[in-house]
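Report on the following structure.
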Amino acid sequence: MSEEISYSALNRESKSLMQELAKSQPKLMQAFQGLHHAVGGGGALESKTKELLSLAISIHGQCHRCISLHVASALSEGATPEEITETIGVAVLMGGGPALMHGLDALKALKELD
């Protein structure tokens, strides 16, 4: 990658762009937020666990914006750096080399956002 990614800046930009999209596509964003709240809240899995799962999927899916948002959300839900790095390990196990490279991005995001 030729450009360095600032995960705190990417996090702010993503939230701002989602707000902008909500202005032109309110039904879409309301439906997405409704799904997020329905799945993300408490249940058999606690919110922290759901954020760690979301992070692993974000790493596997190679989504920098998702990595940024889910590292920040996992931290806010009380995930420790050790839990996040273990989540990176699970993503690498399931996704191989590409997941390792994006797992390194998640580690960078953790260092920046923690």
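Points worth noting:
- Only Cα sites of region 1-107 enter the Debye sum here, all with the same form factor; the resulting log10 I(q)/I(0) across q = 0.12, 0.19, 0.21, 0.24 1/Å is -0.43, -1.01, -1.16, -1.31, listed in q order.
- Probing with 1.4 Å while keeping every protein chain in the model, the per residue accessible area of region 33-114 equals 54 Å².
- Eigen-decomposition of the gyration tensor built on the alpha-carbon atoms of region 66-113 gives equivalent ellipsoid semi-axes of 18, 11, 8 angstrom, largest listed first.
- Applying a threshold of 25 Å to the alpha-carbon distances of K15/K108; K48/K108; K48/K111; K27/K48; K15/K50; K50/K108 flags K27/K48 as lying beyond it.
- Descending by average beta-carbon neighbour count within 10 Å, the peptides 46-56, 77-87, 11-21, 104-114 line up as 46-56, 104-114, 77-87, 11-21, the highest first.
- What a 1.4 Å probe finds exposed on the chain is 60% carbon and sulfur by accessible area, rounded to a whole percent.
- Under the Karplus curve 6.51 cos²θ - 1.76 cosθ + 1.60, θ = phi - 60°, whole-Hz ³J(HN,Hα) for region 8-18, x wherever Gly or Pro sits: 5, 5, 4, 4, 4, 4, 4, 5, 5, 5, 5
- Across all Cα atoms of region 1-56, the radius of gyration (one decimal) and Dmax (whole number) stand at 14.4, 42 Å.
- For the chain, built as a Gaussian network whose Cα springs stay under 10 Å, the top-fluctuating residue of H37, H60, H70: H37
- Estimated [θ] at 222 nm from DSSP helical runs (n ≥ 4, -39500 (n - 2.57)) normalised by residues in the chain, nearest 500: -28000 deg cm²/dmol
- A simple rule links phi to the HN-Hα coupling: the Karplus curve 6.51 cos²θ - 1.76 cosθ + 1.60 with θ = phi - 60°, which for region 43-57 gives x, 5, 9, 6, 4, 4, 4, 5, 5, 5, 4, 4, 5, 4, 5 Hz, with x for Gly and Pro.
The values are calculated or read from the model by the stated rules, or taken from the named source; none is laboratory data. Computed from a predicted structure; not experimentally measured. Virtual Cβ from ideal backbone geometry, glycine too; neighbours counted across all protein chains shown. For accessibility, only protein heavy atoms count, side chains too; no ligands or nucleic acids. Shrake-Rupley method; radii C 1.70, N 1.55, O 1.52, S 1.80 Å.
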